Amino acid sequence: MFWVIAIIVLVVLFKAGVFRKPGECQSCRKTLKGTEQQVFKGDTPFCLCKECSDKIHPQILSYAKSNWSYPDYTNYLAWEEATREERAQFDPDAKYGYGCELKVDTERGLFSLGSGRKGGLVFRFADLSDYELDFKPEEVKEGFFGDKVKGDEYVTVEMAAPRVYLEEVINYGVKLGLTKKGFLSTKYEYELSEGFSEVIRAFTICLYIEAARREGNYQEESMNIGEVEKALALFMFDSMDEVTQDSLKKQRNALIKAFHPDNNEQNEAYSQKINAAYDLLSGMAG
Ligand SMILES: [Zn+2]
């Protein structure tokens with residue numbers, strides 16, 4: 001028993017850095033005792049003092065400690081400073097999740113993924129490099145009123161700036177209704193929950209806007225989610241996923257045909273609206 005306790009104590013002391021050589025904070029160059037060192041274990045490990053490491057948002061600190069090299073830290077500080085004002089405007093218009101919430105500000109192209117009253121760090125869609133928003137089915141439950149599948153709704157995001165990867169379940173134990181595919185087949189189909197679908201829609205629209213902005217074929221003054229929503233509604237699309245140059249052309253021709261612009265003034269205004277919506281969606285579809 002004594003040895004078990006002794007080993008545990010040694011491990012704890014070792015982890016706390018009691019046996020670590022004195023070092024210095026890579027950022028402010030302050031000399032640090034072993035226990036004062038905040039160690040970052042990226043490709044090239046480095047140390048920070050408590051104050052310098054406290055500049056990292058708590059939500060990404062544990063990722064940073066396991067993955068960052070020193071340039072990731074300086075890049076983070078530069079990003080934090082350069083985008084602070086923009087991110088302070090964060091005013092989400094779509095949100096979903098229990099405990100951990102995904103919030104999307106479609107007008108400014110910002111989002112956060114976090115829990116608690118303070119929420120998570122605010123990120124920009126411009127800095128997003130990969131993502132996944134999905135439902136992970138775990139078990140099928142057969143029931144009198146139909147079968148259901150139980151699972152978790154989750155979000156993963158990989159950011160280019162700051163360099164971080166986050167993986168969060170935003171809703172545990174979700175039950176979705178199932179429909180069997182085919183007569184004898186055991187394949188099931190289910191539809192994502194309404195709240196989740198809505199936030200996914202807001203998220204993907206932001207991605208399309210961002211992609212279009214990168215391509216340079218999106219006008220700054222129409223960077224407005226309301227406009228995109230209206231254009232989608234006008235063309236009777238449920239989401240940007242349905243928008244291709246072909247489907248757009250087809251739909252525009254059908255709409256223009258239905259409202260001849262030479263009939264009267266009202267129709268001319270309508271046809272202008274159709275063309276404006278067409279230009280907007282066509283630019284975003286790339
Ligand atoms: Zn320091």
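Data table
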| read-out | value |
| --- | --- |
| Shape box of region 123-207 [Cα atoms, principal axes, largest first, Å] | 49, 22, 21 |
| Those lysines that a straight Cα-Cα span of less than 25 Å connects to residue 273, excepting residues fewer than 8 apart in one chain | 230, 249, 250, 257 |
| Local electrostatic count, residue 148, Cβ distance below 10 Å [Lys/Arg +1, Asp/Glu -1] | 0 |
| Greater than 20 Å apart at Cα, pairs in 141/175; 65/103; 103/148; 55/118; 136/180 | 65/103; 103/148 |
| Angstrom value of the Kirkwood radius, inverse mean 1/r, which spans all Cα pairs in the chain | 23.0 |
| Helical contribution to [θ] at 222 nm, DSSP H n ≥ 4, -39,500 (n - 2.57), averaged over the chain, rounded to 500 | -13000 deg cm²/dmol |
| Sequence ranges 28-35, 157-164, 107-114, ranked by mean other-Cβ count within 10 angstrom, highest first | 107-114, 157-164, 28-35 |
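Bear in mind these aren't lab numbers, they're just calculated from the coordinates by the rules spelled out. Please read these numbers as outputs of a predicted model, since none were measured by experiment. Note that each Cβ is placed from the backbone with ideal geometry, even for glycine, and that neighbours are counted across all protein chains shown.
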